[in-house]
Amino acid sequence: QVQVVESGGGLVQAGGSLRLSCAASGSIFSINAMGWYRQAPGKLREMVAEITSRGSSNYPDSMKGRFTISRDNAKNTVYLQMNSLKPEDTAVYFCIMGDSGLDYWGQGTQVTVST
């Protein structure tokens, strides 16, 4: 079993920055893709960013420019740097990691952006 735990969420003013972290632990074989999703109240969960084991990243067009995903393979950790935050970025942010054909989700971390 793989455990995935996010951290770094919180309350920030519009225009501010936050850095989220997500670490995997447990019976890890080989984590390949890592990613971040978010879900705002009353909305569907949407992808924020993903990164392959080789470091190739992908963002939806709506997320490009303000968010940067990175990873530390030695620590089984993925990061999400969020800049120029807007109130509409308020959501629960979830981390997902793929290992041996299975996806593991974290419990989520709340990000609230105030005006």
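Quick check on my filter: what residues within segment 52-72 are basic (Lys, Arg) and in contact (Cβ under 8 Å) with a residue 12 or more places away in the chain?
ARG66, ARG71, listed by residue number.
Being closer than 14 Å to THR77 by Cβ and open to solvent by 50 Å² or more (accessible area, probe 1.4 Å) is the filter; apply it to segment 12-25 and report the residue that is modelled with the highest pLDDT. Spell out how you get there, then give the answer.
Kept after step one, since they are closer than 14 Å to THR77 by Cβ, are these residues of segment 12-25: 19-25.
From the residues that got through so far, the ones that are open to solvent by 50 Å² or more (accessible area, probe 1.4 Å) too are 19, 25.
Working: ARG19: 98, SER25: 91.
Selected residue: ARG19.
Can you tell me which residues in segment 57-78 are among the basic types (Lys, Arg) and out of contact with any Lys or Arg (no Cβ under 9 Å at 6 or more places or on another chain)?
Answer for segment 57-78, where residues must be among the basic types (Lys, Arg) and out of contact with any Lys or Arg (no Cβ under 9 Å at 6 or more places or on another chain): LYS64, ARG71, LYS75.
Take VAL48 and tell me if it is over 21 Å from VAL2 (Cα atoms), in contact with a strand residue (DSSP E or B) (Cβ under 8 Å, 6 or more places away or on another chain), aliphatic (A, V, I, L, M) and open to solvent by less than 10 Å² (accessible area, probe 1.4 Å).
Yes: the conditions hold for VAL48.
Regarding GLY9, is this residue at positive phi, of a type outside the set (Asp, Glu) and open to solvent by less than 50 Å² (accessible area, probe 1.4 Å)? Break it down into steps so the answer makes sense when it comes.
Values: at positive phi: no; of a type outside the set (Asp, Glu): yes; open to solvent by less than 50 Å² (accessible area, probe 1.4 Å): yes.
Considered against the rule, which asks whether it is at positive phi, of a type outside the set (Asp, Glu) and open to solvent by less than 50 Å² (accessible area, probe 1.4 Å), GLY9 comes out as no.
If I ask for residues that are assigned to a helix (DSSP H, G or I), open to solvent by less than 40 Å² (accessible area, probe 1.4 Å) and modelled with pLDDT of 95 or more, which ones from segment 60-115 would you list?
The one that is assigned to a helix (DSSP H, G or I), open to solvent by less than 40 Å² (accessible area, probe 1.4 Å) and modelled with pLDDT of 95 or more: ASP89.
Taking the condition of being polar (S, T, N, Q) and closer than 20 Å to ASN32 by Cα, how many residues in segment 87-106 meet it?
Total meeting the criteria: 1.
The values are calculated or read from the model by the stated rules, or taken from the named source; none is laboratory data. Predicted model only: the values in this text are computed from it and were never measured. Because the Cβ atoms are built from the backbone with ideal geometry, glycine has one as well, and the counts that use them run over all protein chains shown. Heads up: the accessible areas ignore ligands, DNA and RNA and are worked out on the full protein's heavy atoms, side chains in. Shrake-Rupley method; radii C 1.70, N 1.55, O 1.52, S 1.80 Å.
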